[in-house]
Amino acid sequence: MRCLSKSWNALLSEPSFIKSHLHRSIQSNNNDGILLHFSKLFSFDSKPFTARPYRTPHLELTNFINLPVKPQSENSRGKVIGSVNGLICFKYGSNHNPKYNVCQPDPDSYFIYGSDHPYEYIYIWNPSLSALLTLPPYSMPSHSTQQFFRFGFDPKTDDYKVVKITRRLFISPNTVVFMEWLPVEVYSMRKGSWKFITQRIPSRLKNISDFDDLCVDGHKGHLHWQSYYYRGKNGFKKKTILVYDLGAETFREIPLPDSLTGGNAKDVWIKLGVLAGKLCVMSTVPGVERQLWVMDEYGVAESWVKHRFFPPFRGYRYSYGFTLQNEFLFQVSVSVLGYDHGLYDPVAATTKVVKLGYNVRGKVIDYVDSLVWVSPAEQRERNCCSISQFQF
């Protein structure tokens, strides 16, 4: 429609109209939302995701979205990086044979690559408009590294950004040793280019966790990772939250609640999330019930408040977290409840059946109908239709 009528293109390209439409779409999702579940490694040659409505998540929607088809080798696979305001960012290529693997729970997040591995392209996709943007190449170090990507929205500049964090490692036959954090690279969709930022990740942080199964981070100008550092003579591992400000281009740390970082917290399982627009932490303490902490005032450590918000039954296997509709998605034991996943509404205190597959892990996205056009500002003004190397 954008390319058939100049008047339609002018209207659909008007920032105020796009923002108004997006606001209405997000509000309407409260009643008629749709969850997209992508496989951990997906292919557009097969079935990359399932779509399920919030009201009846045990049912699957078919032919919901026109899929892009990329003329690549049969071994090409994709992995979702994140999703904000109806845009889905993912990487796609044949880079799935890592040189080393240092994490079994989610190996793809912890691949270690040498300098000879194939390049993976990154894309930003708006399924509502069947529009896909191919990002320009990012830098590739010549030594063994781990790479972490995140996608977020900067409301200060009305810009969508991809952040690439690179961790340099020393590899020996029997060990993997952290060396240093390399300069952070950020892609700006408005400018259409990558750049290295000045500030680096704090050197005392030794690793970050990238297990974000629910794509709810990055909506309000900040990205978050669980991280840790060592302190004391015995090398006690202390957990913290690493934050990147997309507007200021700076890193900072947000302390976790004291009960999750003390001397007795070494076995505490922690996962970051978002509940009702606020940063939250879900935790499991051995011998203690599951806890939910919500930060009432962003960035203020003293504002952590503990809630008890989890479904009132047993059978947990894994917690995904809260969706953008503030419903809690979790995996349960089939032998206990007879199904593999549940979606709990804490307001109505009800649980709905979700059939994602018993041993299936991937990325879960709240689908949002969006008119956000995926192209740099200059290209958007010059030619609204020359966007994608994919075909639809």
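The values are calculated or read from the model by the stated rules, or taken from the named source; none is laboratory data. Nothing here was measured: the structure is a model prediction, and the numbers come from that model. Because the Cβ atoms are built from the backbone with ideal geometry, glycine has one as well, and the counts that use them run over all protein chains shown. Only protein heavy atoms, including side chains, enter the accessible area calculation; ligands, DNA and RNA are left aside. Shrake-Rupley method; radii C 1.70, N 1.55, O 1.52, S 1.80 Å.
Per residue, how much accessible surface does the stretch 152-193 expose to a 1.4 Å probe? Answer in Å², no decimals. Mind showing how you got there, number by number?
On the way: 1820 Å² over 42 residues.
I get 43 Å² per residue for this part.
Each Lys and Arg contributes +1 and each Asp and Glu -1, all at the Cβ; summed about the Cα centre of the stretch 15-65, the dipole is approximately 140 debye. Summarising the label geometry, the points placed 7 Å from Cα in the beta-carbon direction at Thr134 and Phe44 lie 1.0 nm from one another. Using the Cβ-Cβ distance between Lys355 and Thr198 with R0 = 41 Å, the FRET efficiency computed as 1/(1 + (r/R0)^6) comes to roughly 0.30. Take 162-171, 215-224 and order them by the average number of nearby Cβ atoms within 10 Å per residue, most first; the result is 215-224, 162-171. Pairs exceeding 30 Å between alpha-carbon atoms, taken from Lys237/Lys355; Lys79/Lys206; Lys164/Lys352; Lys19/Lys206: Lys237/Lys355; Lys164/Lys352; Lys19/Lys206. Take Tyr54: with every protein chain present and a 1.4 Å probe, its accessible area is about 10 Å².
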